[in-house]
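Let me begin by presenting the structure, written as structure tokens, before commenting on it.
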Amino acid sequence: MNESIVLMVEEHENIRRMLKVVRSMCRGLLRGEEVNQEDFSAAIDFIRNYADHHHHKKEEDYLFKAMVANMGRIAENLVSHGMLVEHDLGRGHVLALGEALQRYRENPSDDNKLDIIAEAMGYAALLDRHIEKENTVVYPFAERSLSAEVFAEVNASSAAFEAGEAERAAREKYEKLLDSLEAKYQTAA
């Protein structure tokens with residue numbers, strides 16, 4: 001497996017760990033617990049900055065661009081009408097979750113709590129299926145179809161992105177946050 005793919009699969013596992021935390025937080029709401037604004041906000045921060053900026057950036061800017069440029073129409077359809085659409089759907093759920101949390105702050109009603117659960121679980125379900133597709137279909141397809149030279153460019157771009165000081169700091173920050181939320185919500189493997 002190429003280095004960039006190995007790294008993206010590892011990041012998928014961290015994202016899936018956060019999805020378990022989100023499910024646990026929602027399960028607590030169903031059982032009558034209060035909305036923990038700080039923890040939901042921390043989960044949104046992780047999703048936006050680790051899952052989306054850190055992880056999806058490498059997919060969108062390096063791997064997917066290489067696939068579309070080098071693999072023809074099937075890659076164009078898979079990426080542009082599949083993976084990128086799902087990335088945007090996920091962003092929509094996260095935006096709506098943030099809005100639902102704000103409404104709940106102003107009016108802690110059952111309807112606003114229901115919107116929090118709906119958007120958080122919509123994101124979790126979408127991303128879990130999305131990750132499975134990438135791990136079992138998209139990444140293997142890319143590895144079978146892209147030349148060694150093209151993958152060398154993808155790997156080099158990904159490694160350069162990872163080596164940046166800001167990205168290293170962000171990775172450490174969000175992995176610590178994930179560990180903390182997992183411990184609190186008892187979702188560690």
Grab the Cα-Cα distance for LEU89 and ASP61, subtract it from 0.36 nm times how many residues apart they are, and report the gain in nm with one decimal.
8.3 nm
Give a residue-ordered list of calculated ³J(HN,Hα) values for the range 9-22 (Karplus: 6.51 cos²θ - 1.76 cosθ + 1.60, θ = phi - 60°; whole Hz; x for Gly, Pro).
5, 4, 5, 4, 5, 5, 5, 4, 4, 5, 4, 5, 4, 4
Gyration tensor (Cα) of the range 90-189, equivalent ellipsoid semi-axes in angstrom:
34, 19, 14
Could you tell me how many degrees, from 0 to 90 and to the nearest 10, lie between the Cα long axis of helix 84-106 and the main elongation axis, the longest principal axis, of the Cα atoms of the chain?
20 degrees
Within the range 1-94, list the trypsin sites (Lys or Arg not before Pro) lying in a DSSP loop whose Cβ has at most 15 other Cβ atoms in a 10 Å radius.
ARG31
Ratio to report: Rg/Rh of the chain, with Cα atoms as the point set and Rh obtained by the Kirkwood method; give two decimals.
1.01
Using only the Cα atoms, work out Rg/Rh for the range 108-165, with Rh taken as the Kirkwood radius, to two decimals.
1.27
In this structure, among LYS20/LYS65; LYS133/LYS173; LYS20/LYS113; LYS58/LYS133; LYS20/LYS173; LYS65/LYS133, pairs with alpha-carbon gaps over 22 Å are LYS20/LYS65; LYS133/LYS173
Would you mind counting up the charge near ASP52? Only other residues with Cβ under 13 Å from its Cβ, with Lys and Arg at +1 and Asp and Glu at -1.
-3
Any chance you could list P(r) for the range 79-120, counting all Cα-Cα pairs in 5 angstrom bins from zero, rounded to whole %?
6, 26, 23, 15, 11, 8, 6, 3, 0
Carbon/sulfur accessible area of the chain, % of total, 1.4 Å probe, equals 52 percent
When ligands, DNA and RNA are left out and all protein chains stay put, how many square angstrom of accessible area per residue does the range 51-148 have with a 1.4 Å probe?
47 Å²
Show me, for the range 38-47, the HN-Hα J-couplings you get by feeding each phi into the Karplus relation (A = 6.51, B = -1.76, C = 1.60, θ = phi - 60°), rounded to Hz, glycine and proline as x.
5, 6, 5, 5, 5, 5, 4, 4, 4, 4
Using alpha-carbon coordinates, inclination of helix 110-133 to the longest axis of the chain, degrees
20 degrees
Output ³J(HN,Hα) for the range 136-143: one whole-Hz value per residue in order, computed from phi by the Karplus curve 6.51 cos²θ - 1.76 cosθ + 1.60 with θ = phi - 60°, and x for Gly and Pro.
9, 10, 5, 5, x, 4, 4, 5
In Å, the Kirkwood hydrodynamic radius of the range 47-89 over pairs of distinct alpha carbons?
10.5 Å
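The values are calculated or read from the model by the stated rules, or taken from the named source; none is laboratory data. All of these numbers come straight from a predicted model, not from anything done at the bench. Cβ: placed from backbone, ideal geometry, glycine included. Neighbour counts: every protein chain shown. Each accessible area value is taken on the protein alone, full model and side chains, heavy atoms only, with ligands, DNA and RNA left out. Shrake-Rupley method; radii C 1.70, N 1.55, O 1.52, S 1.80 Å.
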